[in-house]
Structure formats: C-alpha cells, structure tokens
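The values are calculated or read from the model by the stated rules, or taken from the named source; none is laboratory data. As the structure is a prediction and not an experimental result, all values here were calculated from the model. Note: ideal-geometry Cβ built from the backbone for every residue, glycine included; neighbour counts use all protein chains shown. Heavy atoms of the whole protein, side chains included, go into the accessibility calculation; ligands, DNA and RNA do not. Shrake-Rupley method; radii C 1.70, N 1.55, O 1.52, S 1.80 Å.
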Amino acid sequence: MKLTRYLKIAVLAAPLLLTACGSHKKLTKEQPKPEEVAEVAKQQQFLQKVQSNSQENKFVTSKLKFTVEVGQQKVGLTGNLKMKRDDVIRLQLMAFGFVEAGRLEFTKDYVLIMDRINKQYLKLPYNYVDFLRESGINFYTLQALFWNELFMPGQPTLTEEGRKKFSATLGGEDVVISYDADSKLTCSWLANDKTGVIKMANILYKDRFKGNSQLNWDYLDFKTLNKKVFPTSMNVTLTTLEKDIRLGITLSYLGNDENWETRTVVSDKYREVSVDEILRRFMAL
C-alpha cells in the first residue's frame, strides 16, 4: 500500500509587529485558529484511543506457524512465540513438529539467532545491523510491532508529550497516523477509525547513497485476549536495495504463560557465524 503524505498542523511563527507607540516595539505571537486547536485535540483523542488498545498483561504466549521467504526460497515451520513486556521476544521454531530447529530471541541488549540443527548461532547488538541502527529500531520498537502498538523509534515508551508529535488524518474508515522522526525516517500506521486498532505499521528509511529501506508490518485476524483484541496473523516485509525478506506469523492458543526462562544460554558446542551463513542454513531446514 502506498501511503501519501498528509499536511500537519504547524506552529505559527511569531512575527515582529511594529507599533506606532513612540520608539517602543512589541513582539507578539499569532494564536492558532479555534478550528485548528479543535482538530489537534481530536487527533490526540484518537491517538489516545489507539494506545488504550495495548495489552495490560506482562506476558503473551502462543503456538506459532512461521514462514520465511527470501527470493524464490521459502520455508515453513511451526513453534512457539513467548514475550515478556520490556524484557524479551522469543520465537522457537520446530522441525517435524517436535524438534526445535531454530530460535530467534530479542532482548533489550542483543539479537540472538540460533540454528540448533547445525549448532550455529549469531548474537549481535542492534547497532551492528545496518537497517536496525539507521532506522532507530531497537528492542522497544520491535516489541511495539509484535504487540500491535504505536512507538517512537529509539524510545522505550510513547509518552503523552511524545504523542503530540504524531498526526492523524481523521474522517475516513481508516486513519493514517504519521510520525516524521527526521528527514530520513518516517513511521506510519493505519488504524480503524471506530476502534483505534492498528491494521498496519510502516517504517521508511531514506538514504540517498545506500538506497531506501522499508519495513511493512500487516495485522490480520484479531482475537480477544484479556478483554482486548490481538492480531493472530502478521505479514512482515523487509525491503532493501539488496533483497526482500518476507515473514509470515500465524498465532493460535493465545495465552499469558509465565512459566518459562526468559534468557537462552548458548552452549560452547555452538559456532558463531555470519548473518548470511545462518540465513542459508535456515532456508535449508
């Protein structure tokens, strides 16, 4: 889906007004029009509604169907998704339905990818991955994407003050929410006008030298979890100048299991490898 840019409410400049009162000059600030103030208030009310859809439980767990597609290669696995808010996101991928073949683990400090079949792993801080570093994606951004929430890249939470930097185009069945971090980075969301539920998130990073990179995250098939809705189907596409990577995530048996270890310890028997090597191994599973 191609998103168009929408006009934002801008703070009006404060002009210098010359008065005829002798040699005195008075600096005044032009005030926003009442209709502009009302529009901004409506946008903020809607953004607050979107935020109110966030899950309040600290844990979300589920059975998982996971597909990876790189070029003409595609692999599908089953497994488990386990998440603890502000701590970890883990995808355990199974081969033949009962043998753990791989594991993806995201914490606040690092990304861990494990190939259990070939005893290989990759463990890197976020700033070692070009797209994550340049687009400001860290653990908290990924958490918001997995949990179906708004975010400010690089920030642990979206505060009320931060929310004022977002804009929303109201009046249609779907609302486009936008946040321009800077001239290179733009984040957009598509949310239902009535419920405020997020249907799509997009991160676009523009680089005139390396080319644009884009992450698109679609949410489908919402189910009730803890009296709020949660997406049970997510389609993720990472587009770079070099390659496109597509992920499909289908969830079932949603719950809030707390009985699991939140960190994976890598055995000395595992060998550390590069991103390309471990990706090739995954595609061969």
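Assorted remarks:
- Accessible area per residue was computed with a 1.4 Å probe on protein heavy atoms; Ser267 scores about 50 Å².
- Mean separation of Cα pairs under 8 Å and 6 or more residues apart, divided by the residue count, gives the chain a relative contact order of 18 percent.
- Cα gyration tensor category, rounded, prolate or oblate, for the stretch 174-249 with a/c compared to 1.5: oblate
- Among Asp218, Asp115, the order of accessible area from largest down is Asp218, Asp115, computed with a 1.4 Å probe on protein heavy atoms.
- Computed over protein heavy atoms with a 1.4 Å probe, the accessible surface of the chain works out to 58 Å² per residue.
- Neighbour-limited loop hits for GluC sites (Glu not before Pro), the stretch 158-195 (at most 13 other Cβ within 10 Å; DSSP other than H, G, I, E, B): Glu173
- Carbon + sulfur, % of accessible area of the stretch 141-230 - ligands and nucleic acids excluded, 1.4 Å: 47
- Tyr110, Tyr219, reordered so the largest accessible area comes first (probe 1.4 Å): Tyr110, Tyr219
- Listed residues Phe222, Ala38, Val68: farthest to the positive end of the dipole of the chain (Cβ charges): Ala38
- Matching label, Rg/Rh (Cα atoms, Kirkwood Rh) computed from the structure shown, candidates (1) 1.06; (2) 0.95; (3) 0.99: (1)
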